[in-house]
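Chemist: One structure is given below, represented as C-alpha cells, and several questions about it will come after.
The values are calculated or read from the model by the stated rules, or taken from the named source; none is laboratory data. This one's a predicted model, so the numbers in the text were calculated from it and none came from an experiment. Using ideal geometry, Cβ is built from the backbone for each residue, glycine included, and neighbour counts are taken over all protein chains shown. These accessible areas exclude ligands, DNA and RNA; they are computed on the full protein's heavy atoms, side chains included. Shrake-Rupley method; radii C 1.70, N 1.55, O 1.52, S 1.80 Å.
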Amino acid sequence: MGRAISQILLQGRIISAVARREIQLKAAKGLFGVAGVFFEPLALIGTFLLLRVLIRGAGEGDYINPVLWLASGFVPFFMFTEVAIKALGGVEKGGDLYFYRRLRPLDSLMGNALLSSQIFATLMLLFILGVSAWEWQLAVAVPGFAIFIYLGFSLLGFGVGLSTLILGHRLPILAWIVKTFLRRFLLWTSCIFFPIRVIPDEFRHWILWNPLAHGVELFRQSLNPYYPAPDVSALYFWSWVVGSIGFGLLIYGNNEELLYLSEQLSDADKVIDAD
C-alpha cells in the first residue's frame, strides 16, 4: 500500500514538473507566451458579444449574463481543443526533466493537459468573479457541478488527443483530419453561439450527437439551474469522456514503443540535417 502511494506521489511530481516546464517555456516567449493562449477566445467573445448587443439587444440575459453565457461556451471549448491538439501534436521531451529515470510520453501529455486546464480555468474564474462583482451576487449557482463538467471537458480533450496521437502515427492523414475537425466543424456545432432550445425538435438530434454541446449546456445550467437545456444529458457527456480515456489508454499501452521509435527517428533526422 505504501509503495503504491509513493508511486502515485512520484507520478504527480513528474506531471507537475512537466507543467512547470511548459509554463516556463511560454513565459520565456514574452508577453504573448501565456497571454497569447487567451487571445483567440477573448477576441471571439468580444466580437460575438458586440454582435449580440447590436442585433438582439440584451442577448441571452434572461437566464445568464450575456458575457458569462458566451464565456461559458468559448472557454471550455478552447480548453478542450488546446488539450486535444497538444496531445495530438505529440511529445517533446526536455533535458531538464531527465532527472526522472524515464519520462514516458504519457507523462508529458498529462503535464501539458494539466497546464492548459489550469490556464483556462483561471480565465473562466476571472469571468465568473468579474460578473459576480458586477451583479453583486455569485454568478455560479452550483459550483461543484461546474467543476465536474469543466473537468470532463479537460479529460475528453485528453482522451481524444491521446487516441488520435496513436492512430495518427499509423495513419498521418487522420491526425490532420481530426485537427481540422476540432478547430472548424465542432466550433459551430457545440452550442457556443446558440442555446440548444432554439433548435427545432426535428433537427436537435443532429446537434446533440456532439458531446461538447451537452457539456456546454450543462455548464451553463451550473450557472443557473433554471436555464432551459432540453434533451442534454450528463450521462451521455461522461460516457464520451470515460470512453475516450479508456480507448486512448488501451491503444497507448499497446503502442507506447511506437512513440519512442518515432522520437528516435526524429532525433536522427536532426543529426543528419546538422551534418
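Chemist: Limited to region 144-191, what total is found for residues that are more than 15 Å from the chain's Cα centre (by Cα) and not basic (Lys, Arg)?
Modeler: Residues meeting the conditions: 19.
Chemist: Separate question: Would you mind finding the one in 204, 197 that is touching a residue at least 12 places away in the same chain (Cβ under 8 Å) and under 19 Å from residue 64 (Cα atoms)?
Modeler: 197
Chemist: A further question follows. Within region 159-186, can you find the residues that are under 29 Å from residue 222 (Cβ atoms) and open to solvent by less than 20 Å² (accessible area, probe 1.4 Å)?
Modeler: Matches in region 159-186: 159, 161, 162, 163, 164, 182, 186.
Chemist: Residue 262 passes all but one of (1) exposed (fewer than 15 other Cβ atoms within 10 Å of the Cβ); (2) of a type in the set (Gly, Ala, Ser); (3) at pLDDT 90 or above; which number fails?
Modeler: Just one mismatch for residue 262, condition (3).
Chemist: Is it true that residue 141 is at pLDDT 85 or above, surrounded by fewer than 18 Cβ atoms within 10 Å (Cβ to Cβ) and under 15 Å from the mean Cα position of the chain (by Cα)?
Modeler: Here the answer is no, as residue 141 does not meet what is asked.
Chemist: May I pose another question? Checking residue 128 against (1) at pLDDT below 90; (2) open to solvent by 10 Å² or more (accessible area, probe 1.4 Å), only one condition comes out false. Which one?
Modeler: All conditions pass for residue 128, except number (1).
Chemist: A follow-up question, please. Report the residue count in region 149-184 for those that are without any contact (Cβ under 8 Å) to a residue 60 or more places away in the chain and closer than 15 Å to residue 121 by Cα.
Modeler: Selection size over region 149-184: 1.
Chemist: Also, I was wondering about something else. Among the residues of region 222-241, how many are under 19 Å from the mean Cα position of the chain (by Cα) and buried (at least 16 other Cβ atoms within 10 Å of the Cβ)?
Modeler: So the count comes out to 6.
Chemist: So which pairs qualify, if the first residue must be in region 129-142 and among the β-branched types (Val, Ile, Thr), the second must be part of a loop (DSSP other than H, G, I, E, B), the Cβ gap must be under 7 Å, and the two must be at least 6 apart or on different chains?
Modeler: Close Cβ pairs satisfying both conditions: 131/65; 131/139; 142/225.
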